[in-house]
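So the structure is just underneath, and the comments pick up after that.
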Amino acid sequence: MAQTDRAPSSQPVIKCEAVYKIFGDNAATMMRSSGGVVETAAFQAAGCIVGVNKATFEVQKGELLIVMGLSGSGKSTLLRCISRLTEPTAGKIFIDGEDLTAMSGKQLVELRRNKMGMVFQSFALLPHKTVLENIAFPLLIKGQSTAAAIKRAMEMMELVSLKGRENYYPRQLSGGQQQRVGIARSLAVEPDIWLLDEPFSALDPLIRKEMQDEFLRLQGLLQKTILFVTHDSEEALRLADRIAIMKDGVIEQLDTPANIVLHPATDYVAKFTRDVPREKVLSCANLMEPLSADPVSAMTVHKDALIATVAEAVLSEGNPVQVVDDAGRPVGLLNRKTVLHVLFGARVPQGLVG
């Protein structure tokens, strides 16, 4: 899971103010008469579909915000509005302080070419071009020389661990390798903002896990500002700095993965995360208790360690375990009962709590 303690910068990279997307012939009329209060049922009765309903949020530099929801929740529509591949019905979208909704077509093309990288569920590779040519293609479109584009494409191939497959064609690659090509191609233009729409959903579980690992490695190196859409709650909780959960076009809750699990804002959010393995989401810092004068174990655990990685060791200790920060200073205590509750909830096996 990514870091969640990033301090907000003075100006967000992405800012949405009351963004709506209503589909239908009389969407504009309905919006004008609604006074900014969009009732989904009323709009549906008028022949409209509510894709995004008053989305307001910010994404800071280097942050990974995941937009999560079931099919039809509006998550992909929101992403497409932010790139203006889909025109929002109302609201404002700012990229580095510039109003995206006021940009001309030419300005929009330039912004997409120079600031945005996009990866979609469909790999969309050019079948008649080699891997190297696919990665270099957007650079050539931007006007770079062939030599410069090939050099950059080679660097990207190495970054995503595809070196040696330069002259392969997409049909000769596995699904995971094809997705790596798509990621390398989007990164080749050195985007400030990375927009990803269910990039791993077409992959089988093993390759998907490998691609998530690769994605975390790349983000650790590059620190891109990322908006990532998924319907997979485990994927979201594993990757995100913050998560926005959508239902019927509305952002039900936007918070850190730990707070989403520990403090769901609505019944829908609680239901959405009910079956998530908490030990893979919550860290020692999320669950530690204040320091006390009681006897403690000689063992220590780092505040950012996930409960899943320390549970067995903590359960083997008779006394609470000290939680330490980066400098090794004690900042709290983790006890067996807390870990057992995370692992088993109300189903704590008899005899385990001592």
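Observations, loosely collected:
- Highlighted here are the helices (runs of 4 or more DSSP H) found entirely within the range 141-229 that include at least 2 residues which are under 23 Å from Asp241 (Cα atoms) and either without any contact (Cβ under 8 Å) to a residue 60 or more places away in the chain or β-branched (Val, Ile, Thr) (or both): 175-188, 205-222.
- When Ser83, Ser104, Ser73 are screened for being modelled with pLDDT under 95 and either touching a Gly at 6+ places or on another chain (Cβ under 9 Å) or buried (at least 21 other Cβ atoms within 10 Å of the Cβ) (or both), only Ser73 passes.
- Only one entry of Ser186, Ser201, Ser145 meets the criterion of being crowded, with 21+ Cβ neighbours inside 10 Å, of a type in the set (Gly, Ala, Ser) and in the same structural domain as Ile95 (by TED's automatic domain parsing), and that entry is Ser186.
- Of all residues in the range 73-107, those that are closer than 21 Å to Val250 by Cα and either outside the structural domain of Asp197 (by TED's automatic domain parsing) or out of contact with any Phe, Trp or Tyr (no Cβ under 8 Å at 6 or more places or on another chain) (or both) total 19.
- A search for C-beta distances below 7 Å between a residue of the range 316-331 that is more than 9 Å from Val301 (Cα to Cα) and any residue that is of a type outside the set (Phe, Trp, Tyr) and loosely packed, with under 14 Cβ neighbours inside 10 Å, counting only pairs 6+ apart in sequence or on different chains, returns Asn319/Pro295; Pro320/Asp294; Val331/Asp325.
The values are calculated or read from the model by the stated rules, or taken from the named source; none is laboratory data. Treat the numbers as computed from the prediction; the structure is a model and nothing was measured. Here the Cβ is made from the backbone with ideal geometry for all residues, glycine too, and neighbour counts use every protein chain on show.
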